1. Tally Lys and Arg at +1 and Asp and Glu at -1 over the other residues with C-beta under 10 Å from the C-beta of H62: what net charge comes out?
2. In whole percent, what relative contact order does the chain give with Cα contacts below 8 Å and a gap of six or more residues?
3. Among T91, L55, V179, which residue has its Cα positioned farthest towards the positive end of the charge dipole of the chain, with +1 placed on the Cβ of Lys and Arg, -1 on the Cβ of Asp and Glu, and the dipole taken about the Cα centre?
4. State to the nearest 20 debye the size of the charge dipole of region 1-86 about its Cα centre, where the only charges are +1 on K and R beta carbons and -1 on D and E beta carbons.
5. Any idea which of N161, L20, T40 is furthest toward the positive side of the dipole for the chain, if Lys and Arg beta-carbons carry +1 and Asp and Glu beta-carbons -1?
6. Can you give the charge dipole size of region 54-151 about its Cα centre, rounded to the nearest 20 debye, using +1 on the beta carbon of Lys and Arg and -1 on the beta carbon of Asp and Glu?
7. Helix-only mean residue ellipticity at 222 nm, the chain, DSSP H runs n ≥ 4 weighted -39,500 (n - 2.57), per residue, nearest 500. What is it?
8. Would you please classify the overall shape of the chain from the alpha carbon gyration tensor, given that a ≥ b ≥ c denote the square roots of the eigenvalues, rounded means a/c under 1.5, and beyond that prolate means a/b larger than b/c while oblate covers the rest?
Amino acid sequence: MSRRRGAHLERAILDAAWDLLTQVGYARLSMEAVAAKASTSRPVIHRRWPTRARLALAAMDHFAPAETAPPDTGSLRTDLLALMEQVAGRTKTVHGEILAGMAAETARDPEAARALRAWLTTATRGRHVTAVVQRAAERGEIPAVQLLPRVATLPMDLIRNEVILYGQPPGKQTIAEMVDSIILPAIHQAAAVA
């Protein structure tokens, strides 16, 4: 049997990591178990992903569902509700468990904290929220507005906070409260000063 290299080896490692994440969770994931399952060595894995956190995030990215277009329901409020419900639904999967496990680990592992921060910064750029707000402006619901990055990422930040603090994503009622009392006022405030 020839040695696997490049993309083939990387896929085998990510497959093994994902299988283990879904079976035992992030807290019990080990580089040794991934190496055994992928039929490779721990040093080979460490050359690509120096920490368990980076490997878990790479596996999560590799197996993430394809990104969907932002909802277009015809109104800003219902677009935001639908978007947040989509994101909350995704956090009910192993993705949410991985993020919660990593968040717990960041208190004692600075490298896990750096990896998680870098991943979250990339994952929560607010593209969908910005698109939803731009469509609302095009429909004439609100004035044209350039959202500050903090406002654009606010919906995802709120969901992530719920998952990390309470171990589960917010339900429909909580999402509606977030949209009505936090997100929409922030968007309207941004539109008022634009």
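Nothing in this text is a laboratory measurement; each read-out follows from the coordinates by a stated rule. The structure presented is a predicted model; accordingly, all values stated were derived computationally and were not measured. Note: ideal-geometry Cβ built from the backbone for every residue, glycine included; neighbour counts use all protein chains shown.
1. That sum, taken over residues with Cβ under 10 Å, equals -2.
2. Relative contact order of the chain: 21 percent.
3. The one lying farthest along the dipole's positive direction is L55.
4. Around 760 debye, computed over region 1-86.
5. Toward the positive end, the furthest listed residue is T40.
6. 200
7. Here the helix-only value at 222 nm equals -21500 deg cm²/dmol.
8. Judged from the Cα gyration tensor, the chain comes out prolate (a/c at least 1.5, a/b above b/c).
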